[in-house]
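The values are calculated or read from the model by the stated rules, or taken from the named source; none is laboratory data. A quick note: this is a predicted structure, and the numbers were derived from the prediction, not measured. Don't worry about glycine lacking a Cβ; one is built from the backbone with ideal geometry, like all the others, and counts go over all protein chains shown. The accessibility values were calculated without ligands, DNA or RNA, using every heavy atom of the protein model including side chains. Shrake-Rupley method; radii C 1.70, N 1.55, O 1.52, S 1.80 Å.
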Amino acid sequence: MKTRTPQEVISYAKDSGAKILDMKFLDFPGTWQHFSVPISSLTEDVFEEGFGFDGSSIRGWKSINESDMIVVPDPNTAFMDTFTREPTLNLVGNIFDPITKERYSRDPRAIAIKAESYLRSTGIADQAYFGPEAEFFIFDDVRYDQKENAGYYYLDSDEGSWNSGREERPNLGYKPRYKEGYFPVPPTDSHHDLRSEMMLELMSIGLHVETQHHEVATAGQAEIDLKFDTLVTMADQLLIYKYVIRNVAHRHGKTVTFMPKPIFNDNGSGMHVHMSLWNGDKPLFAGNGYAGLSETALHYIGGVLKHAPALLAFSNPTTNSYRRLVPGFEAPVNLAYSQRNRSAAVRIPMYSHSPKAKRIEFRCPDPTCNPYLTFSALMMAGLDGIENRIDPGEPLDKNIYDLPPEEMASINKTPGTLGAALEALEADHEFLLKGDVFTEDVIHTWIGYKREREIAPMAQRPHPYEFFLYYDA
């Protein structure tokens, strides 16, 4: 994405023939919202004054008696939409209170901006870089419903291994087997062209794509990776990424989900997050320690591992997230670090010996997370590790399946449910409050929202499998 001034954005809109300005911003859980105005409304003044809207209708935000909010566009986020019928300029905005003129504390983007400012204030580094690897499923059909007397979901994919015996007149086979979908060539990989189109659309609006490929699961699991960037910019790009991928699939009559575990008994979709700190042109994670890491990097890992149960309340924010975090499906359930063990929560990639490539990879997150909150929380945990010189302990380089039970029991595990992660966040969030990056209101609102809107409704409804287990009890 290009850096632009307000006047340059106005010129860009004119040169692109834009007729509509679409303002996008993030609700509290992490989904884009939008409204549109005529392009004539795009003046230099709006980059100061913004547009008013009703904040009481946005999930997790203001109450009805204090609903007026302002969204102020960030000129650096401008891109032309490739999916709208009329030429449309997109801008991502920051949320402000119209009375105090201050950033709204529950705006996820405001939290990420404060996190970057806090990093610079510590003197430890001036930039934190993030590189998420978001996975997703491409389906041909999805149906779901929940009523008082019924509840079900149904997914289907022409690639699904379960359709190997379906009458398709003709069924040509080439359906990836469960857990065997990694890197097959076409025709087994039937979505190659679709993912390439997604990749080219992302590149056409200025995102840097590194690779695209089929993932491990059957039924069209995919991954398209973006090149790393700074915290706020990368979070912006991840929302653009989701928007583009969903819309490319939609125009081909397919549907995409970023749910971590939509399919039983096969691999789920994660979002491994690569992280590094830099001071100017100097990478701070390269050194002479374990796996070529610096002391700074090891302490950063120590902070992430110490606070990992609380971090998962943001990085794995759905009840479905914990269907993925179970042994046996390449999910990182062990709160340890390693240069090669992919069941460890933190991995140190060893593809390159260049100091500039030295980074750590937190493997727990999934793509349902709010990236502004997740990246900010991860960085705050790492900084806490550096400031307090937290020792990450010994690396987990052994084959975990060969460990004796007593040694296996000594390794801390990820929380087993969203409820457990929220309890961990409730007990451990002081590190997030430094620099007023997160506030007590943000933490309590997040916990309350998740408990009331997601955990409680799930707990109150019968599960279809309960009928198999208990109907004749």
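The alpha carbon convex hull volume per residue for the range 81-121 rounds to 119 Å³. Using only the alpha carbons of the chain, what is the convex hull's orientation-averaged projected area in square nanometres? It is 25.8 nm².
For the range 178-230, compute Rh as the Kirkwood radius over C-alpha pairs and then the Stokes-Einstein diffusion coefficient at 37 °C and 0.692 mPa s; write the answer in µm²/s, rounded to an integer. It would help to have the intermediate numbers written out before the result.
Values: Rh = 11.6 Å.
Diffusion coefficient, whole number: 282 µm²/s.
As a size descriptor, the averaged projected area of the C-alpha convex hull of the range 229-316 was calculated at 8.6 nm².
Run through every distinct alpha carbon pair of the range 1-149 and return the Kirkwood hydrodynamic radius in angstroms, one decimal place. Please list the in-between numbers first.
Numbers: mean 1/r = 0.0566 Å⁻¹.
One over the average 1/r among Cα pairs gives 17.7 Å for the range 1-149.
Report summary: the helix-based calculation at 222 nm, which adds -39500 (n - 2.57) for every DSSP H run with n ≥ 4 and divides by the residues of the chain, gives -9500 deg cm²/dmol. The accessible-area ordering, largest first, of the residues Asp397, Asp402 stands as Asp402, Asp397, per a 1.4 angstrom probe. In vacuo Debye scattering of the range 68-204, one point per C-alpha: log10 I(q)/I(0) at q = 0.13, 0.14 Å⁻¹? For the range 68-204 at q = 0.13, 0.14 Å⁻¹, log10 I(q)/I(0) is -0.96, -1.01. For Ile138, the residues whose modelled amide H falls within less than 5 Å of its own, excluding neighbours fewer than 5 places apart on the same chain, are Gln221, Ala222.
Please check the chain for the longest run free of GluC sites (Glu not before Pro) that are loop-located per DSSP (anything but H, G, I, E, B) and have at most 12 other Cβ atoms within 10 Å. Before the final figure, lay out each step's value.
Values: sites that count: Glu102, Glu148, Glu167, Glu168.
For GluC sites (Glu not before Pro) (loop position, at most 12 other Cβ atoms within 10 Å), the longest site-free span of the chain is 169-473.
Rounded to the nearest whole angstrom, the semi-axes of the ellipsoid equivalent to the range 227-269, taken from the Cα gyration tensor as √(5λ), stand at 23, 17, 7, largest first. Each semi-axis of the equivalent ellipsoid for the range 290-422 is √(5λ) with λ an eigenvalue of the Cα gyration tensor; in descending order they amount to 21, 19, 14 Å. Amide H contacts of Val209: Lys227, each under 5 Å away and 5 or more positions distant or on a separate chain (H built 1.01 Å from N in the peptide plane; Pro and chain starts excluded). Bridging of Lys254 to lysines at a Cα separation below 29 Å is possible for Lys19, Lys24, Lys147, Lys175, Lys179, Lys227, Lys242, once same-chain residues fewer than 8 apart are set aside. Computed over the alpha-carbon atoms, the range 331-389 gives an Rg to Rh ratio of 0.99, Rh here being the Kirkwood radius from the mean inverse distance. Within the range 361-432, the proportion of Cα pairs with more than 21 Å between them is 41 percent. Scaled against the 2.2 N^0.38 Å expected of a compact globular protein of N residues, the Cα radius of gyration of the range 60-135 reads 1.42. Solvent-accessible surface of the range 54-200, taken per residue with a 1.4 Å probe and all protein chains present: 52 Å². Sorted from greatest to least, the principal axis extents spanned by the alpha carbons of the range 129-224 come out as 47, 38, 23 Å. Backbone phi angles across the range 316-328, fed through the Karplus curve with coefficients 6.51, -1.76 and 1.60 (θ = phi - 60°), yield HN-Hα couplings of 9, x, 10, 5, 5, 4, 8, 6, 7, 7, 9, x, x Hz in residue order; Gly and Pro are listed as x.
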